Structure formats: C-alpha cells, structure tokens
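Participant: Quick one: the structure is below, questions incoming.
The values are calculated or read from the model by the stated rules, or taken from the named source; none is laboratory data. None of these values were measured; they are calculated from a predicted model. Counting neighbours? That spans all protein chains shown, and the Cβs are built from the backbone with ideal geometry, glycine included.
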Amino acid sequence: MALISPADQQKLQEVFADMTRPVRLLFFTQTIGCETCLQTRQILDELPPLSDKISIEEVNLILDADTAKAYGVDRAPAIAVTYQDASPASAGSSDAPSVWNDSRMRFLGAPAGYEFISLVQAVLLAGGRPSALAPESRNRIASVDRAVAIQVFTTPT
Amino acid sequence: MAFVSPNITAYAVEATEFPDLARRYKVTGVPKTIVNDDVEILGALPEDAFVEQALDKFSAGPRQ
C-alpha cells in the first residue's frame with residue numbers, strides 16, 4: 001500500500017524532474033530497538049520510483065559502524081542526504097568510482113508528516129535546486145569559521 | 001544553511017522519537033533550535049533573524 005497518494009506522487013515526480021544531480025539517501029538503521037525504522041524504510045522506498053536520480057542505501061548502525069561514525073550518526077532511524085556532482089564528462093567513464101558528497105543535512109526520526117516535506121526540500125537542494133536563502137544570509141553563513149551543529153526539534157503533525 | 005557552509009551540519013530531530021534528546025535540550029515546544037549545545041532559539045523566526053541568532057557566536061570578523 002502506497003503511503004504517498006497518487007496525486008502527491010505525481011506532484012513529486014514533477015518537482016523531482018528538475019533535479020540535475022543524483023541524490024542518495026543513506027538510511028541508518030538497526031535491527032533491534034528501533035520502532036520507527038520500518039516506517040522510515042517504507043517512506044524512503046516510495047521515493048526512488050518517482051525519480052531515477054534518487055537512490056537509497058541502507059547503513060546498519062552496528063555492522064557499518066565506520067560509516068555511521070563518518071556521518072556522525074549514533075541513533076536510528078536517521079537519514080543523511082548525499083549527492084553526486086553533475087559532471088557530463090564522468091558519465092562516459094562508467095569505471096570511475098562514484099563519490100557521494102555529504103550535504104550535511106540529516107534527519108533523525110521517521111520523516112513523516114511535515115518532516116517529509118523537509119526531506120523533499122533537502123533532496124531538491126542536494127539535487128541542484130538553487131538555495132532559497134537571501135544573499136545577505138548566505139554571506140553571513142559563509143563567515144562561519146568553526147564547526148557548527150544546528151539541531152531543529154520538531155514533532156509529527 | 002548546511003548546504004551553503006562546509007562548517008555547518010543541520011539535523012532535523014523528531015522530538016517524540018528521541019525523548020532523551022528532548023529532555024537534554026528541554027524541548028517543551030517546537031520548533032526549538034539548538035546550536036552547538038549553546039544557543040537556543042524558540043519558535044520560527046524570519047530568515048535574517050534566525051541566521052543572525054543561530055550564527056552570531058560562531059563567526060569571526062567584523063559584521064556588516
């Protein structure tokens with residue numbers, strides 16, 4: 001049973017069609033003690049059929065501890081949004097290793113309700129859509145000279 | 001913001017799924033934003049105010 005209605009699927013297909021870069025969602029999961037991991041997987045599985053630019057890779061928090069550590073993820077479910085540079089040159093050389101860049105956008109918890117909209121926005125941004133931030137904001141953000149972690153707490157609505 | 005600066009990582013945290021985090025940061029209403037365990041912003045703000053409050057402590061040099 002689809003979690004996304006046919007009408008919403010069509011809308012998403014349309015916005016995803018503008019993506020210029022491949023996006024991969026790293027889904028951090030664990031087998032035990034993760035009540036919403038299955039729900040998260042079900043939500044994520046609905047995205048790749050809507051765009052050939054979107055893929056999902058499952059990362060086990062325990063078995064793939066190195067990857068989880070590299071992304072600073074220590075709980076599940078979590079999602080890290082990664083993307084590839086759109087370079088027509090590399091399209092011909094299929095033997096080139098694919099490098100996935102970290103967008104540094106993470107989601108902790110199932111991306112249900114309004115969080116799903118945020119996830120879609122993150123996918124579009126990583127997928128090449130220009131930032132919607134004002135130039136002044138971008139200048140301010142560019143002046144950040146140390147590591148900053150911004151956590152936004154939300155609830156499903 | 002994370003996408004603009006390589007120094008910034010952004011987390012959207014579902015508070016009800018991680019009550020330990022919600023407790024640690026005393027999340028009683030949403031949205032609540034925590035920056036480097038140091039700055040907290042309650043509610044939604046206009047973009048310029050949010051950027052200023054979130055990053056004021058974490059950038060050097062004279063401001064415009």
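Participant: With under 11 Å from the mean Cα position of the chain (by Cα) and exposed (fewer than 14 other Cβ atoms within 10 Å of the Cβ) as the only criterion, which of B:48, B:37, B:56, B:20 stands out?
Facilitator: B:37
Participant: Out of everything in segment A:114-156 that is touching a residue at least 24 places away in the same chain (Cβ under 8 Å) and more than 9 Å from chain B (Cβ to nearest Cβ), what residue ends up being farthest from residue A:86 (Cα to Cα)?
Facilitator: Selected residue: A:114.
Participant: Find all pairs meeting these conditions: Cβ atoms under 7 angstrom apart; at least six residues apart or on different chains; first residue within segment A:35-51 and among the acidic types (Asp, Glu); second residue surrounded by fewer than 20 Cβ atoms within 10 Å (Cβ to Cβ) and part of a loop (DSSP other than H, G, I, E, B).
Facilitator: Filtered contacts from segment A:35-51: A:46/A:2; A:46/A:3; A:46/A:4.
Participant: I'd like the full set of residues that are within 27 Å of residue A:135 (Cβ to Cβ) and either at the interface with chain A (Cβ under 7 Å from one of its Cβ atoms) or free of Cβ contacts under 8 Å to residues at least 12 places away in the same chain (or both), limited to segment B:18-49.
Facilitator: Matches in segment B:18-49: B:31, B:33, B:34, B:35, B:36, B:45, B:46, B:47, B:48, B:49.
Participant: Kindly establish whether residue A:116 is modelled with pLDDT of 80 or more, in contact with an Asp or Glu (Cβ under 8 Å, 6 or more places away or on another chain) and of a type in the set (Phe, Trp, Tyr).
Facilitator: No: the conditions fail for residue A:116.
Participant: Pull up segment A:4-34, narrow it to residues that are farther than 29 Å from residue A:130 by Cβ and in contact (Cβ under 8 Å) with a residue 12 or more places away in the chain, then point me to the one that is surrounded by the most Cβ atoms within 10 Å (Cβ to Cβ).
Facilitator: Among those that are farther than 29 Å from residue A:130 by Cβ and in contact (Cβ under 8 Å) with a residue 12 or more places away in the chain, it is A:29.
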